[in-house]
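The values are calculated or read from the model by the stated rules, or taken from the named source; none is laboratory data. The structure presented is a predicted model; accordingly, all values stated were derived computationally and were not measured. Every residue, glycine among them, receives a Cβ derived from its backbone with ideal geometry; neighbour counts consider all protein chains shown. For the accessible areas, the whole protein counts, side chains as well, though only heavy atoms, and no ligand, DNA or RNA atoms are used. Shrake-Rupley method; radii C 1.70, N 1.55, O 1.52, S 1.80 Å.
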Amino acid sequence: MATQVCTRIESTAFAGLVVPGPQSAFDGVANTSNVPGFMVGAVTGRASLSHYVWIGATFTKFGEHDGNRRPDVFDYSLVYGYRPPKWRRTPDKWDWRLFGELVGEHSNKFQQENAAVANTQAHQVFLGPSALGIYRNYTVSFGAQFPIYRDVGAVWPKERVRFAVNFSLSMSRRY
């Protein structure tokens, strides 16, 4: 939705299937269920030529098998982005933006044989910078996040930093 010249409100709702992989077992929790689950989420924000602000949230719920279930997970995020005027480029050159991201995740306890497993709940908040570059139909983004709040049970790893690198190709044609 356009709110003024070169400014718009963007919103997206999404849903998906979550399938745990073989690497997703947890030490200290026997019979970790790898039963699929579902994820739903929404994000909304304001974008202009120079400034971006978004908030978003997702909820993931896993299925149960023989009384065993992974924890439900609630994720939330707040993002601010800046695109300096000198960085704005035509589609035949790289166009860059910088972001500051605050991301939190809260999970309840694992369930084994229909009972909650002690010390398996977690709540973590991460903060960090990232960058996004766009060149024609190609995008690349990368960043790091550092924990600023951590209340995790004995099962969860004590993360010091998270890194991400993403590449994408848009198949739409520009005329």
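Of everything in the range 59-92, what is farther than 20 Å from residue 47 by Cβ and either open to solvent by 80 Å² or more (accessible area, probe 1.4 Å) or touching a Leu at 6+ places or on another chain (Cβ under 8 Å) (or both)? Give them in sequence order.
The answer is 64, 65, 66, 74.
So, residue 96, is that one under 23 Å from the mean Cα position of the chain (by Cα) and assigned to a loop (DSSP other than H, G, I, E, B) or not?
Answer is no for this residue.
One line per residue, one yes/no per condition, for (1) under 24 Å from residue 129 (Cβ atoms); (2) touching a Cys at 6+ places or on another chain (Cβ under 8 Å); (3) at pLDDT 70 or above:
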{"position": "5", "(1), (2), (3)": "no, no, no"}
{"position": "12", "(1), (2), (3)": "yes, no, yes"}
{"position": "19", "(1), (2), (3)": "no, no, yes"}
{"position": "34", "(1), (2), (3)": "no, no, yes"}
{"position": "37", "(1), (2), (3)": "no, no, yes"}
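Would you please list the contacts, defined by Cβ atoms under 8 Å and residues six or more apart or on different chains, that run from a residue in the range 62-79 that is at positive phi to a residue that is open to solvent by less than 30 Å² (accessible area, probe 1.4 Å)?
These pairs meet every condition: 66/33.
Could you give me the residue pairs with C-beta distances under 6 Å whose first residue belongs to the range 82-107 and is in contact (Cβ under 8 Å) with a residue 24 or more places away in the chain and closer than 18 Å to residue 127 by Cβ, whose second residue is part of a loop (DSSP other than H, G, I, E, B) and open to solvent by less than 80 Å² (accessible area, probe 1.4 Å) wherever it lies, and which are 6+ apart or on separate chains?
Short answer, once both residue conditions are applied: 97/83.
Only residues that are farther than 15 Å from residue 87 by Cα and either in a strand (DSSP E or B) or of a type in the set (Asp, Glu) (or both): list them for the range 118-138, please.
122, 123, 124, 125, 126, 127, 128, 129, 130, 138
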